[in-house]
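The values are calculated or read from the model by the stated rules, or taken from the named source; none is laboratory data. The structure displayed is predicted, hence computed values, not measured ones. For neighbour counting, all protein chains shown are included, and Cβ atoms are generated from backbone atoms with ideal geometry for every residue, glycine included. The accessibility values were calculated without ligands, DNA or RNA, using every heavy atom of the protein model including side chains. Shrake-Rupley method; radii C 1.70, N 1.55, O 1.52, S 1.80 Å.
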Amino acid sequence: MTWQHYVARMDDTHQMTTAKEHLVELCCVVQGQEWRILELGSHAGLSTAALAMAAPASTVVSVDLSDTVPESHRLAYWETVGVDNIQPIQADAGRFLRECQLGLEPWDVIFHDAVHGETALPEYLTAAGMCSILAIHDFEQLSEASQQQVASRFRSCTTSDDQRGRRLFVGWK
């Protein structure tokens, strides 16, 4: 199944699911690449599967606390849709980022969709220093000053709003 077919068929009505139009943007960014992709906050694993399908030569590391959806459900779902390039990690996103700072190679892409708002600003800034491309879902939950602070870390950036008013930020170095 192609990522386009998968995204077109998926149900994005759950409030914690990334909107289809934002998944299309993210999949177009990673499509066909062989990258190290980190997704923070995978919930049910729908966006993880889309990214994995769009970049089948990539490794997609999926970090989630598994507090809303058990890890076993995501694993079964990914197997059902036929993706096998996902490495799940059950952990806190902020803690995982801090541990990554201690020695791993930089990530090519980080998609942050874990905690949101001003409390997540330190995570966003840490992630900005660890990747070439950073995508943040629910960017509208940051103050304008904090949005500017994140955006200033990138050579270029875009934002787009979905039908619910949720904003996707994508920054490129």
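Restricting to the stretch 122-173, and then to whatever is of a type in the set (A, V, I, L, M) and open to solvent by 30 Å² or more (accessible area, probe 1.4 Å), can you tell me which residue is nearest to CYS27 (Cα to Cα)? Looking at residues that are of a type in the set (A, V, I, L, M) and open to solvent by 30 Å² or more (accessible area, probe 1.4 Å), I get LEU125. The strands (runs of 3 or more DSSP E) falling completely within the stretch 11-109 that include 2 or more residues that are in contact (Cβ under 8 Å) with a residue 12 or more places away in the chain and farther than 27 Å from THR159 by Cα map to 86-90.
Tallying residues that are modelled with pLDDT of 95 or more, open to solvent by 40 Å² or more (accessible area, probe 1.4 Å), within 14 Å of LEU65 (Cβ to Cβ) and of a type in the set (D, E, K, R) within the stretch 83-121 yields 0. Taking the numbered list (1) closer than 18 Å to GLN4 by Cα; (2) out of contact with any strand residue (DSSP E or B) (no Cβ under 7 Å at 6 or more places or on another chain); (3) open to solvent by less than 30 Å² (accessible area, probe 1.4 Å) in turn, VAL30 passes all entries but (2). Annotation note: of SER66, SER42, the sole residue that is open to solvent by less than 10 Å² (accessible area, probe 1.4 Å) and modelled with pLDDT under 95 is SER42. Among residues that are open to solvent by 70 Å² or more (accessible area, probe 1.4 Å), at pLDDT 95 or above and β-branched (Val, Ile, Thr), THR2 is included. When you check SER160 against the structure, is it among the small types (Gly, Ala, Ser), in contact with a strand residue (DSSP E or B) (Cβ under 6 Å, 6 or more places away or on another chain) and free of Cβ contacts under 8 Å to residues at least 24 places away in the same chain, yes or no? No: the conditions fail for SER160.
The number of residues in the stretch 13-26 being of a type outside the set (A, V, I, L, M) and either in contact with a strand residue (DSSP E or B) (Cβ under 8 Å, 6 or more places away or on another chain) or buried (at least 19 other Cβ atoms within 10 Å of the Cβ) (or both) comes to 4.
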